[in-house]
Every structure is written in structure tokens, then in C-alpha cells.
Amino acid sequence: MSILWLWVGFIGLVIFLLLLDLGVFHRKAHVPGIRESLGWTSLWIAIALIFNVCIYFMYENHLFGIGVGYGKELNGIEAAKMFFTGYLIEKSLSLDNIFVIGMVFSFFGVPRIYQHRVLFWGIFGALLLRGVMILLGVTLIQMFDWILYIFGLLLLVTAVKMLFHKEEEVHPEKNPLVRLAQRFFRITSEYHAEHFFVKVEIPKENESGVSGSVWACTPMLLVLLVVESNDLIFAIDSIPAIFAITQDPFIVFTSNVFAILGLRALYFVMAAMIVRFRYLQVSLSVILAYVGIKLLCIDVIHHLHIENMMTWISLGVIIVVMVVGVLASVYVNRKANQ
């Protein structure tokens, strides 16, 4: 069977999960508590790990012809390891995105009860955007091998910038998409529940009596535009990072998708806890710098035939750096409170 059916099946699975999440489990707007958010975060992680088992069997048996192109042939263990490492990278880098989303919500004064709906549609758009960018990235790598060096330099620059610019600056009012919407569309001054568009009455404009109702955008749409445009910026950093692990498009895309699917629930967990982890930014900077250096050394790695070992090393580096950052933050916070 053609590998195309594998892609169709996976995209169908993602659409089913999204519809089940929004249409069944979160049909009514409410503010998720920490316990509920932790439960959903655990569920999304469990689904990703189950899919990783599927990755192993698909690549081990080369179902649908998977794992026989894009470089050397991949077996089940190698593919599962790459998926898990890529998933951890994307999950780690999404934490910084969560912090920015929180500031966007604060700037626009989005009621907590409606934040879930913005995150859902923001993630839906992010999935489409990531798919396009991954396809473009794979195409560029196949055409120009040297593009990996550009990705590596981009990651190093981002790592340095993240390390020395501790305070994120978010200016939604300067966002080009927001300015465009304000220029061409009528914007309401208040939120209308969780709606992005509403009908509003317009007053009589002259004595002849021109009145009626028109469609207008709510501030929720502006928030969504800012969230989507910020995800584009983060995708420019995160997608080159996973190419340091593998150039297999199916692994790159699926690991990205599962990291993004759990972002919504993770936001409500981390929004209240992010300020406690003061060294999280440093940890993310180290991870980006590591994968950037790995991309710059990719020819040496291929020449020495140590790709398999480097995947294990990458997995260990990501786990150790994140754990050290969290533990250091907890330790310093406890010392400060004594």
C-alpha cells in the first residue's frame, strides 16, 4: 500500500482527536483547574507514547514502505528513538511559547473561561502551519544539503538571544495582522462570550435613516491572530531543531503534532507555575545551542557513522538539561522563601 494512505490515516486521527476534544469533552466553556489540566496533559503524553510504539512496529516492518527513504534505512528502535527525542525537543521549546501566550492573554484581558477556545483554534492553525513548514524544510534539505548549516546557525543565534534577553517583549498592538484586521474590519470593544464574529447594530447615519446590523470581529479574533503569528516565530526555531535529530518527514511531522496537541492542556498547568522556574529559559537556551552545534557538525557525525549514538546523546542531554533547570529553580525558590 502507498505511504500516502499512512499520511491520510494519521491526519484523520488528528482531526478525530481534535473534534473529540472540542466537540465532546470541552463543548461547554469553563476554566480548567490544575487537576483537570494535569489529567489532560498526562493523557496527551500517554497517547504520544502509544503512538511511539506504533512508530516502532511500522518502521520495524516497513509498513506502507515507511523508513526506506530519506537517507539510510530506519529500523523500529532507531525510528522510535528519533520520534521520542524530537517529541521532547518540541515539548521543551513549547514551554517558552506558553509564556508568551500567557502575556498575550493578559494584554488583551481574555477571560480565563474563553482561553481554551482561543488555544484550540490557535493549535488547529499551528498544525496546518507546521505541516507546510516541514514540507518546505524537507524539500529544501533534499535540494540543498547546506541548508542544515543555516538551520544550525539560526538555532545558535536564537539560543544566545534567549539567554541574554530574559524578559519577553510582546507588543500585540504592533502586530501586522492585528493592524490589518483593525484597518479593514469593524472591531467590537467588548468580548461576546467565545465568539470571534458577531452581528452588531449600527446607528442611523443620516436623516434618511441608514441602519441595520453588520458582522464585526471581536477582540477574540485579534488574540487568535497574535497567537498564530507568534507560533510562526516559534516554529522557525523549533522545526530546524528537530531536523538535527532526523530528516524523515513522517517522524518530524508526527512528533511536532503530538507536542502541539498537548500544548493547550499544558498551558493551564504551566501558566500558574511558569514564574517558579526561573532557570527554564537557560535550559531552553542550552538545548537550542546543543542542537545547533549538532547540525553544524552533521557531516562529521555522518563520516564517523555515529548517528545512532548521537541520538541517544541528544535524548540524554535534553532530559538532563530540563531536569537540572527545574531542580535548580525549585532549590533557589526554597532558599529565597526561608
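Just so it is clear, none of the values below were taken in a lab; they were calculated from the coordinates. Everything quoted here is computed from the prediction, not taken from an experiment.
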Cα atoms only, segment 217-338: Rg and Dmax in Å? 17.6, 57
Once phi is turned into ³J(HN,Hα) by the Karplus curve 6.51 cos²θ - 1.76 cosθ + 1.60 with θ = phi - 60°, what whole-Hz value does each residue of segment 138-143 show in order, with x for glycine and proline? 4, 4, 5, 5, 5, 7
Can you grab the distance from the C-alpha centre of segment 280-319 to the C-alpha centre of segment 85-133, Å, no decimals? 25 Å
In the structure shown, of LYS161/LYS294; LYS81/LYS294; LYS81/LYS161, the pairs separated by more than 25 angstrom at the C-alpha atoms are LYS81/LYS161
Quick check: residue separation of ILE301 and PHE64 times 0.36 nm, minus the Cα distance between them. What number comes out in nm? 82.4 nm
Using the 2.2 N^0.38 Å rule of thumb for compact globular proteins, work out how segment 105-146 stacks up: its C-alpha Rg over that value, please. 1.81
Applying the Karplus parametrisation 6.51 cos²θ - 1.76 cosθ + 1.60 with θ = phi - 60° to the phi angles of segment 149-162, what ³J(HN,Hα) value in whole Hz is obtained for each residue in order, glycine and proline being reported as x? 5, 5, 4, x, 5, 4, 5, 5, 4, 5, 4, 5, 4, 5
